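These notes are about the structure you will find just below.
Computed from the coordinates by the stated procedures, all read-outs in this text should not be read as laboratory data. The structure displayed is predicted, hence computed values, not measured ones. Here the Cβ positions follow ideal geometry from the backbone for every residue, glycine too, while neighbour counts run over all protein chains shown.
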Amino acid sequence: MSESNGNWGLQESATFDRGVISEIHRAAETGVYDIRGFGAKRSMPHFDDLLFLGASMSRYPLEGYREKCDTDVVLGDLNASRPLHLSIPVAIAGMSFGALSAQAKEALGRGASVMGTSTTTGDGGMTDEERGQSSQLVYQYLPSRYGMNPDHLRMADAIEVVLGQGAKPGGGGMLMGQKISERVAEMRTLPAGVDQRSACRHPDWTGPDDLAIKIEELREITDWEKPIYIKIGASRTYYDVKLAVKSGADVVVLDGMQGGTAATQEVFIEHVGIPILAAIPQAVQALQEMGMHRRVKLIVSGGIRSGADVAKAMALGADAVGIGTAAMIALGCNHPRWDEDYKQIGSAAGFYDDYQAGNDPAGISTQDPELAARLDPEFAGRRLANYLKVLTLEAQTIARACGKAHLHNLEPEDLVALNVEAASMARVPLAGTSWVPGWEG
Amino acid sequence: MSSFSLAEGSVRELNASLHAGGGQVGDNEWLITEPDGRHALACGLNEPMEVVIDGNAGYYCAGKNQHANVTINGTVGVGVAENMMSGRVRVRGNASQSAGATGHGGLLIIDGDASARCGISMKGIDIVVGGSVGHMSAFMGQAGRLVVCGDAGESLGDSLYEARLYVRGDVKSLGSDCVEKPMRDEHRAELRELLDQAGYDAQPDEFKRYGSARRLYNMHVDNARLDGGGGNE
């Protein structure tokens, strides 16, 4: 190579690129798999690969700002005497106190309540901050049963039996020792500072037949008032949704592999589960075959970022969506204002994913009192409310363009796909054709 | 005492009556007849009351109990007294698996044998078993005491945190990170107290104590099992 060519002749391996080489070095130096937060970062077919067919001659649009386009959703009216009534079809997904600071949990409650939607607890139980600020709170019932308190079951507005999450279907929760503060340890009945590995299976039921009896118990304890959700990570979605319905769920929460986590092995995040785009049609098919679509409600999550994503998920058959990572970002996670702090811990704004480390400069995924104090719950709650408002307005804009007076009226017929993969997964035609690869005949 | 026949009324009607605080002014004592293995009996109780279930119960009997004393004159299915917070549950017969699972407090007494996973993920409950317990009992036990007057099956106390285990008979095998520990006076004293509460006259000196070696509390490469025999998580 001549000097005048500089490094132009160097060729990076597509198989062993710098990221791969870095990980091999890290593994060789530590002997431990990499653990991080956030969600899958790999590229995969997603809502960006779908487009809406706006109205023209053959469809009649609604005026963009003033004509009615409702957004509300009722959850749990199949069996519960007190179903949830959300004003917008965007709920806050389960995130634990422990993974998040108390201030962050409070901010989520504040923002969601302003917009008339629900928040969700996580592994570790219910805090006063989130119950106090959440007008509608879903209480997770997890394999670990950390902090599981029947008083909280009765205080909740709905109960979510968690079988898995999109970031790690088949895996249990993690909370590393640096985040097990005295308060977190007390809530979870664990010694402070231990690396907490939650169970991946529930301790007192195995399989859908048992789960049906467990749900019966939960309904009895709460006098059949509360909606019961079942949350699953997207993998064998068609079968899992059928079994969830058989088990007696009012609501199925389906989390795609893009869904976030506070701490999980990198290999789990990137290599287990399926994209939400592929999972939604499987879930809808299962519900339709059982005659339960729109009766057992479907909430989908994992990579929801914009009102377009909301609209596309609903057009594919979801009744509502859940957001976790996007909600954290709305609070202030990965904000450029903390870039210098991110750099000091070897990251950068826009890249930060070490939620397991407990040193989040934005004060969200931490139990450090000084860092947590950086997040003003009122201010962060307003940011979240603004973001939820934008998601709703964007989804309404698209729905009106498609001539729909309610977001629930969006349908697969409104969608086309930009590429063969997305067309096959989402089961909508490739744009400009009537071809749904893999589904004709 | 109030009586409720499950041959005549439903489980929903029974639990609604119990949750309403009784129905019988005064003693708040209940006799439940013809349970016939029905599930979720007397679950979610939340005030002091005496409940006797005269016969066999199904899954999750007395689940999430608070304050109440529940006696089952028969056998019970999966998860008796699961996640109990306080009060006392007594099973006069045998119990299926996951008895006392995730319990945070109170006392569970099983006069017969308990199946697998007795005391799994226990978080402060005390469990006294007159007979033997099955495999994986006290798995991931975090707090509380498990007393076994008979034998214990395979993998007792696997991945144990701070729960304390006392076994009089044989232990088929100990789980990961569970070790035998010396019996000191304070352990003999607390064991005597638990046996007295259960009404058993077994002698503390006949028992061995097991607890966590605390080697798995923090992740370290040397704790990771690479033999395919199961992980530590």
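Please report, in debye to the nearest 20, how large the charge dipole of the protein assembly as shown is about its Cα centre when each Lys and Arg carries +1 at its beta carbon and each Asp and Glu carries -1 there.
740
Excluding residues on the same chain fewer than 8 positions from B:Lys181, give the lysines whose Cα lies under 26 Å from its Cα.
Partners within reach: B:Lys123, B:Lys172, B:Lys208.
Would you pull out the residues with amide H under 5 Å of A:Val90's amide H, same chain only if 5 or more places away, H placed 1.01 Å from N?
A:Val321
Dipole of the stretch A:111-164 (Lys/Arg Cβ +1, Asp/Glu Cβ -1, origin at the Cα centre): which of A:Met115, A:Gly132, A:Pro150 lies farthest to the positive side?
With unit charges placed on the Cβ atoms, the residue in question is A:Pro150.
Using alpha carbon centroids, what distance separates the stretch A:92-133 and the stretch A:39-62, in Å?
31
Ranked by Cβ crowding within 10 angstrom, fewest neighbours first, how are A:Val390, A:Val253, B:Val167 ordered? Write down the numbers at each step before the final one.
Numbers: A:Val390 13, A:Val253 30, B:Val167 25.
Ascending number of Cβ neighbours within 10 Å: A:Val390, B:Val167, A:Val253.
Convex hull volume of the Cα atoms in the stretch B:1-81, per residue, in Å³?
Considering the Cα atoms of the stretch B:1-81, their hull volume per residue is 67 Å³.
What percent do you get for the relative contact order of chain A when only Cα pairs under 8 Å and 6+ apart count?
23
Please give the helix B:185-198 orientation as an angle from the longest Cα principal axis of chain B, in degrees from 0 to 90, rounded to the nearest 10.
Computed tilt is about 20 degrees.
Filter the trypsin sites (Lys or Arg not before Pro) in the stretch A:101-179 to those in DSSP coil with at most 11 other Cβ atoms within 10 Å of their Cβ, and list the result. Provide the component values of the computation, followed by the final result.
Working: sites: A:Lys105, A:Arg110, A:Arg131, A:Arg145, A:Arg154, A:Lys179; in loops: A:Arg145.
Those that pass, being in a loop and sparsely packed, number zero.
Taking only complete DSSP H runs, can you tell me which helices of chain A stretch 24 Å or more along their own long axis by Cα positions and average at least -0.5 on the Kyte-Doolittle scale? Write out the running numbers ahead of the final one.
Details: long enough: A:377-401 (36 Å, -0.02).
Membrane-span-like by this rule: A:377-401.
Any chance you could check the Cα centroid distance between the stretch A:214-238 and the stretch A:357-422 for me, in angstrom?
About 25 Å separates the Cα centre of the stretch A:214-238 from the one of the stretch A:357-422.
Could you pull out every residue, at least 5 positions away or on a different chain, whose amide H is within less than 5 Å of the one on B:Lys181? Hs are placed 1.01 Å off N in the peptide plane, and Pro or chain starts have none.
Under 5 Å from the amide H of B:Lys181: B:Arg209, B:Tyr210, B:Gly211.
Within straight cross-link reach of A:Lys179, meaning Cα distance under 14 Å, which aspartates and glutamates are found once same-chain residues fewer than 8 apart are removed?
Correct list for A:Lys179: A:Asp123, A:Asp195, A:Asp354, A:Asp360, A:Asp368, A:Glu370.
Determine the dipole magnitude for chain B: charges of +1 sit on the beta-carbon of Lys and Arg, -1 on that of Asp and Glu, nothing else is charged, the reference point is the Cα centre, and the result goes in debye to the nearest 20.
On the way: 21 positive and 31 negative charges, 110 e Å.
The dipole magnitude comes to about 520 debye.
List the residues, sorted by chain then number, that are 5 or more residues from A:Phe97 or on another chain and whose placed amide H is less than 5 Å from its amide H.
Residues meeting the criterion, in which the H sits 1.01 Å from N, are A:Gly122.
Looking at B:Gly134, B:Val179, B:Gly144, which one has the Cα that reaches farthest to the positive end of the dipole of the stretch B:131-182 (charges on Cβ: Lys, Arg +1; Asp, Glu -1)?
Most positive-ward Cα: B:Gly144.
Just rank A:Ile21, A:Ile276, A:Ile364, fewest to most, by other beta-carbon atoms within 10 angstrom.
Ordered from fewest to most neighbouring Cβ atoms within 10 Å, A:Ile21, A:Ile276, A:Ile364 come out as A:Ile21, A:Ile364, A:Ile276.
Per residue of B:104-110, count partner chain C-beta atoms within 10 Å of its C-beta, then hand back the mean as an integer.
1
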